[in-house]
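To keep things clear, I will list the structure first and then write my remarks on it.
Laboratory data are not the source of any read-out in this text; all were calculated from the coordinates shown. Since the structure is predicted, the reported quantities are computational estimates derived from the model, not experimental observations.
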Amino acid sequence: MQISLLVVRGPRQGQQIPIERSEFCIGRDSSCDWQTDYLIVSRRHAAIVVHGHKVVVRDLGSRNGTFVNGHVVAEECEIRHDDRLAVGPLEFRIQMQAPEDSSDATLCVDVNESGPPGILPDDSTGRHQPLSCQVRDAGFTRRQQPNGLLRRFLPGWLR
């Protein structure tokens with residue numbers, strides 16, 4: 001996943017800042033990845049942290065707060081594409097792009113005609129297991145039982 005900040009308000013307005021590390025720090029300190037001279041911004045004000053496919057902004061104990069879409073970040077907050085991040089008088093727009101080789105999320109439901117409807121055989125024992133859904137998203141696969149919204153749209157014999 002490619003992540004960047006677009007400066008919406010601040011001295012470098014319009015500049016695109018690529019996030020190339022798993023933890024990107026914003027503040028006045030010389031150790032920060034993006035530095036500013038505004039005294040209203042703490043030395044180590046906030047960090048953008050990448051955990052695989054999840055991206056969060058973390059307030060590092062700043063005096064004046066960190067805001068996502070106008071809401072105060074208490075400790076940590078998940079951020080998404082086009083969210084607005086405010087650090088003092090600075091405002092950024094979060095931009096995220098999936099890698100070029102990843103495809104859109106797809107839902108694959110396996111149906112086995114040899115067993116009862118909605119039941120899949122277990123490859124190792126030959127016993128049948130409840131129907132599960134396979135979700136592929138950006139290079140990883142996860143199996144889960146159909147529930148909630150998905151269950152409402154499956155025909156009765158697949159539930």
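Odds and ends about this structure:
- Fully extended contour minus Cα-Cα distance, from Asp29 to Ala98, at 0.36 nm per residue: 21.7 nm
- For the pair Arg58 and Arg84, the difference between a 0.36 nm per residue extended length and the Cα-Cα distance amounts to 8.0 nm.
- Region 1-58 shape via C-alpha gyration tensor axes, a/c threshold 1.5: oblate
- Extension gain (nm, one decimal) between Tyr38 and Glu75, 0.36 nm per residue minus Cα-Cα: 11.1 nm
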